[in-house]
Each structure stands twice: as C-alpha cells, then as structure tokens.
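Reading through the structure tokens given below for one structure.
Just so it is clear, none of the values below were taken in a lab; they were calculated from the coordinates. Owing to the predicted nature of the structure, the values given are computational and were not obtained by experimental measurement. Reconstructed Cβ throughout: ideal geometry from the backbone, glycine too, with neighbour counts over all protein chains shown.
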Ligand code: TEU
C-alpha cells in the first residue's frame with residue numbers, strides 16, 4: 001500500500017476501552033470499537049506496546065518481545081484483532097521498542113547472572129559518561145553488584161541494547177519477522193535514531209549527551225540492514241521511525257525511498273515551542289513564530305529532499321494540543337478543527353491520537369498521586385529539589401505531564417466515562433462532558449475529521465502534492481500551498497483569537513473552498529479569517 005493517502009489512528013491500549021472490566025483497556029476492547037474507527041475512516045491503527053512488561057514505562061519496558069501481556073489479552077485475541085480489522089480494511093501497526101529492554105527481560109537477567117554472551121547484549125562500561133537519562137538523573141546505573149555500569153537512556157529499568165553486536169540485531173530482526181508473520185502491516189520504531197552508539201563513548205559537552213548518540217551514521221546502516229532483512233521484503237508494510245530529535249538532513253536520509261530505510265518519521269521540534277530555554281519542565285505560552293518556522297522548514301525541506309513526514313499534534317507523550325495552541329475555553333470545536341486541517345491537508349501521513357477527534361482536553365489532575373507516569377514523578381522530584389514549591393511544581397506537571405493524553409477515552413456519560421465498569425488505572429479527566437456519544441449526536445469535530453480523511457483519498461494534491469510556505473508576515477497565519485500536476489491547494493490556518501484580513505493570490509480567487517471550519521465562505525481578494533479559522537482553497 002502506498003501510505004500517502006492513508007490516515008493512521010493511534011490507540012493507547014491501556015486507555016481505549018476496557019472490555020473485561022479490570023480497569024485497564026484491552027485487545028477485546030479495541031475489537032469492540034472497530035466499527036467506530038471504521039466510521040471515522042482511518043486505514044491503520046497504531047497500538048502502543050502490548051507485550052509482557054513490568055509497566056514501569058507503560059509497556060516501553062518490554063520483558064518479552066514475542067508475546068502479549070495478559071493485561072491486554074492473549075495471542076488469540078491479537079490474531080482476532082488483525083483479522084477483524086482487516087475485514088474492515090484497517091491494518092494494525094505495532095510499536096517496536098528495539099533500543100532497550102526491561103531489566104526483567106531474560107537477556108538482562110542472564111547477563112546479570114554472569115553469562116558473557118548476554119552481557120555483550122548491553123552497553124556496559126567501567127567508567128560511565130556524564131550523560132543524562134531522558135527521564136532525569138544519570139543515564140548509567142550499577143550493573144548488579146559488579147563494578148560495571150549499564151547504559152539506560154530512559155528509565156533505570158530500561159537497559160539500552162548493544163546494536164553493534166550482530167547477535168543482538170539477529171534477535172531483534174526475528175522479533176520484527178514474528179509480528180509481520182501474524183499480518184501486522186505497520187511498524188513504529190521507538191527512538192530508532194539513537195540505536196547507534198559509538199564503540200568508545202565520550203563525555204558530552206552539553207551534559208545531556210544527546211549529540212553523542214543521536215543520528216549517528218551507523219544508525220542509518222542498522223536501519224537499512226533491518227529493512228533489507230525484515231520488512232523491506234513486503235512492500236505493503238508501512239514503517240515510521242520515532243526520532244526524539246533529529247535534523248531535516250537526517251530525516252531525508254531516513255525516508256527517501258532509494259535509501260531503503262523507513263517510510264516516514266516523527267519529529268518533535270514543533271512540540272518544543274513551549275519549552276523555556278529548551279527545558280520541557282517549564283511553563284510558558286508557545287512561540288508562534290518558532291512553530292511556523294519549524295513547520296515550514298520541515299514541510300519544505302522534506303518535500304525538496306523527497307523525504308516523508310508523519311504529521312501529528314498529539315500522541316501519548318504529549319499534553320493535548322488543544323490545551324497548548326488554542327484558546328479552547330472559547331474556541332474548542334473550531335480550534336480542534338483548525339489543528340486537524342493544518343496537518344491533514346499537509347504533505348505527509350496524518351496521525352489521529354485517540355480522543356482528538358472528539359476534542360478531548362488535559363485532565364488537570366489536582367493531586368500528584370493521580371499521575372502515574374514515571375517521567376512525571378521524576379520531574380516533580382527534580383523541580384522540588386531545585387527549590388520550587390508544591391503548587392508551582394504542580395502547575396508545571398499539569399501543563400506538561402505525559403499522562404495528559406493517557407487518560408481513558410471518554411465514550412459516554414456513564415460512570416468512568418463508559419471506559420470501564422471498574423476504577424480505571426488512570427483517572428478520567430476533568431472535562432468528562434466531552435464524550436464520543438455526545439460528539440456523534442451533536443458535535444461537529446468528528447464529522448470534520450471524517451471529511452478530511454476522505455479528502456486525502458479524493459485529491460491527489462493532498463496526498464501527493466509538494467509543499468511551499470505561504471507566509472503572511474505580522475499575523476498568526478500558518479499557510480502553505482500544495483501543488484500536483486495542474487492542481488493547487490492553498491491552506492490558511494489562523495492560530496490567533498483575532499480575525500485577520502489577508503490578500504488571496506489571484507490564482508485562487510476562482511477556486512473552490514474544499515473545506516473550512518466556518519460556513520458560507522465567498523472568496524474575495526481581501527479575505528477575513530475569523531479566529532482559529534482554517535480554510536483550504538482548491539484550484540485546477
Ligand atoms: O519516547 C521517546 C522520547 O524521547 C520522548 O517522546 C519522551 O517520551 C519525551 O521526550 C519525554 O519527555 C518514546 C515513547 O514514545 C515513550 O512513551 C517512551 O517512554 C520512550 O520512547 C522510551 O521507550
């Protein structure tokens with residue numbers, strides 16, 4: 001399948017739908033909700049990790065790569081999901097977390113027990129470097145009671161694998177083959193641009209260490225090898241690399257088809273525009289100019305270099321975009337649609353994160369204990385140790401915690417928002433009046449998403465067109481032009497709560513309004529965009 005006219009829906013399995021009533025979402029729950037996803041019109045469902053795991057990092061700490069965690073169901077349930085989804089022309093994408101394993105994985109246990117074959121599966125050193133874990137604190141922990149240290153770029157229970165060891169790669173390729181043999185047609189590779197560590201590791205000048213292990217040329221070699229030895233043989237498989245931070249230059253290398261690495265990549269630069277001095281655990285309004293600059297640079301750069309972006313505003317690691325970029329108290333519906341159009345009409349493959357199609361919001365938990373995420377708790381401790389008081393620390397947590405997007409999907413107005421019959425593993429949010437039931441009855445966001453998904457299949461200029469920035473200085477308009485053969489599409493998104501009047505290029509004056517979140521548009525040379533308005537003008 002070419003992936004250019006497809007839309008992918010992300011399900012956070014723990015929080016989607018709990019069929020067996022134990023408070024945790026499960027595979028049977030996803031099966032039950034397939035008709036809902038079919039109605040939305042998506043082509044593929046990406047599931048966050050569903051493998052056996054101590055759940056220190058919600059499944060990104062895997063203890064067995066080729067099984068299903070009983071909290072989610074059985075392998076038979078998974079096969080049923082693949083089959084039933086397939087009947088609805090929906091494919092399944094799985095999360096491949098191949099940079100690290102849980103310290104409860106048998107490889108790590110054997111290594112700890114002294115087996116040197118398995119010790120070489122990990123990155124062990126006598127002298128640790130000064131690198132920091134992405135979840136805070138040191139990136140090295142003592143390896144059992146030895147004098148060695150093992151590297152963990154994430155939690156101390158997530159040990160980085162030594163990709164330089166061919167035996168490790170062989171084992172990981174078996175994992176990929178195992179799942180594709182079950183009919184999995186999508187693979188999302190977690191933090192795949194950090195798998196290539198140097199043989200000799202050096203202290204980092206920036207203390208964090210990210211330049212020492214990110215986007216190393218050898219990472220491209222490993223990904224290409226994995227492509228050749230596993231999924232590359234089946235052209236219908238779609239792959240996406242998650243790149244915690246990467247460059248446009250590397251983005252092109254990862255995704256240009258002739259490189260035979262990946263179909264597309266996620267990058268996060270546009271979601272760091274509300275970090276003060278590059279630090280996530282701060283609170284500040286987002287910087288629109290920075291956002292626009294990043295979106296244009298990636299849109300144009302990847303278009304010119306024949307690379308391919310995964311397009312998204314939300315995922316399980318991010319607070320809800322509505323809370324970050326929209327004056328949602330006044331413009332929730334309109335803003336949700338504007339955000340959606342800004343990526344669905346763009347060049348790349350759009351991802352819908354569960355709940356955004358009904359305009360869900362951050363939960364605003366009042367107590368620290370309500371948050372479950374390991375990163376959140378580490379961050380709280382660090383903020384307090386830096387001298388912040390509880391209230392200030394909580395304000396930052398409320399704005400930045402990854403749990404903001406992980407709260408249970410709000411299906412209806414019954415107890416626990418119809419997610420489960422018992423207390424959910426993570427509380428539902430504050431705004432439980434936003435539900436699927438209500439949205440389908442009287443809302444307009446869901447139908448707007450349906451239309452956008454449909455348009456991508458109908459108009460090649462959306463799926464195939466190139467990208468040129470359309471800049472309107474001194475406004476908060478994020479605009480771009482897409483072109484394909486004799487078709488053109490002008491997309492204008494007003495990121496402000498004020499109306500803005502702009503000049504429409506003559507070429508589009510007789511065009512057709514393909515989509516807008518405000519009714520009855522007549523095109524005039526001077527066009528006034530209302531607050532948070534989006535408009536796509538098509539001409540041929
Ligand atoms: O995330 C990788 C990553 O670098 C970030 O998105 C990270 O979660 C964020 O910067 C923390 O502030 C992936 C997964 O999406 C995430 O859920 C996992 O925790 C992480 O890898 C480790 O596997």
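How much FRET efficiency would the formula 1/(1 + (r/R0)^6) give for residue 486 and residue 171, where r is the Cβ-Cβ distance and R0 is 45 Å, rounded to 0.05?
It comes to 0.30.
In deg cm²/dmol and to the nearest 500, what is the mean residue ellipticity at 222 nm of the chain if only DSSP H runs of at least 4 residues count, each as -39500 (n - 2.57), divided by the residue total?
-9000 deg cm²/dmol, from helical runs alone.
Got the relative contact order for region 107-151 handy, in percent, Cα pairs under 8 Å and 6 or more residues apart?
Contact order relative to length: 32 percent.
Mind ranking 487-494, 179-186 by how tightly packed they are, going by the mean number of other C-beta atoms within 10 angstrom, highest first?
Ranking the peptides 487-494, 179-186 by packing returns 487-494, 179-186.
Pop out the Kirkwood hydrodynamic radius of region 107-151 from its pairwise C-alpha distances, inverse of mean 1/r, in Å to one decimal. Show your work: numbers first, answer last.
Details: mean 1/r = 0.0918 Å⁻¹.
Hydrodynamic radius (Kirkwood, Cα only) of region 107-151 equals 10.9 Å.
Subtracting the Cα-Cα distance from 0.36 nm times the residue separation, let me have the gained length for residue 207 to residue 117 in nm, one decimal.
Values: separation 90, 0.36 × 90 = 32.40 nm, distance 3.14 nm.
In short, 29.3 nm is gained.
Would you mind getting me the FRET efficiency between residue 36 and residue 279? Use the beta-carbon distance for r and R0 = 30 Å, nearest 0.05.
Step by step, r from the Cβ atoms, then E = 0.20.
Let me check against my output: what whole-number percent is the relative contact order of the chain, with C-alpha pairs under 8 Å and at least 6 apart?
Once divided by the residue count of the chain, the mean separation gives 13 percent.
Whole angstrom only: what separates the Cα centroid of region 51-77 from the Cα centroid of region 202-250?
24
Quick check: residue separation of residue 289 and residue 106 times 0.36 nm, minus the Cα distance between them. What number comes out in nm?
Contour length minus the Cα-Cα distance gives 61.1 nm.
Any chance you could give the angle, 0 to 90 degrees and rounded to 10, that helix 75-87 forms with the longest Cα principal axis of the chain?
Result, in degrees: 20.
Could you check what % of the DSSP bridge pairs in the chain are antiparallel, to the nearest 5?
Restricted to the chain, the bridges split so that about 60 percent are antiparallel.
For the ranges 430-436, 133-139, what's the packing order if you count other beta-carbon atoms within 10 Å of each residue, average per peptide, and put the highest first?
Highest mean packing first, the order is 133-139, 430-436.
Going by average Cβ neighbours within 10 Å, how do the peptides 304-314, 336-346, 416-426, 288-298 rank, with the highest at the top?
Those peptides, ordered most packed to least, come out 336-346, 304-314, 416-426, 288-298.
Once fully extended, how much extra length lies between residue 138 and residue 64, figured as 0.36 nm per residue of separation less the alpha-carbon to alpha-carbon distance?
24.1 nm
Enter the angle in degrees (range 0 to 90, nearest 10) between the Cα long axis of helix 217-229 and the first principal axis of the Cα atoms of the chain, meaning the one along which they spread out most.
With rounding to tens, the tilt is 90 degrees.
How many angstrom lie between the C-alpha centres of region 422-458 and region 368-398?
After rounding, the separation between the Cα centres reads 30 Å.
With a point put 7 Å past each Cα toward its Cβ, work out how far residue 259 is from residue 506 in nm, to one decimal.
Label at residue 259, label at residue 506, 4.1 nm between them.
Please compute the modelled spin-label separation between residue 370 and residue 125, points set 7 Å along Cα→Cβ, answer in nm with one decimal.
In this crude label model, residue 125 to residue 370 measures out at 4.1 nm.
Find the eigenvalues of the gyration tensor of the Cα atoms of the chain, then list the square roots of 5 times those eigenvalues as equivalent ellipsoid semi-axes, largest first, in whole angstrom.
They are 37, 26, 25 Å, listed from largest to smallest.
Suppose R0 equals 41 Å; then what is the FRET efficiency for residue 524 and residue 75 from their Cβ-Cβ distance, rounded to the nearest 0.05?
With a Förster radius of 41 Å, E is 0.10.
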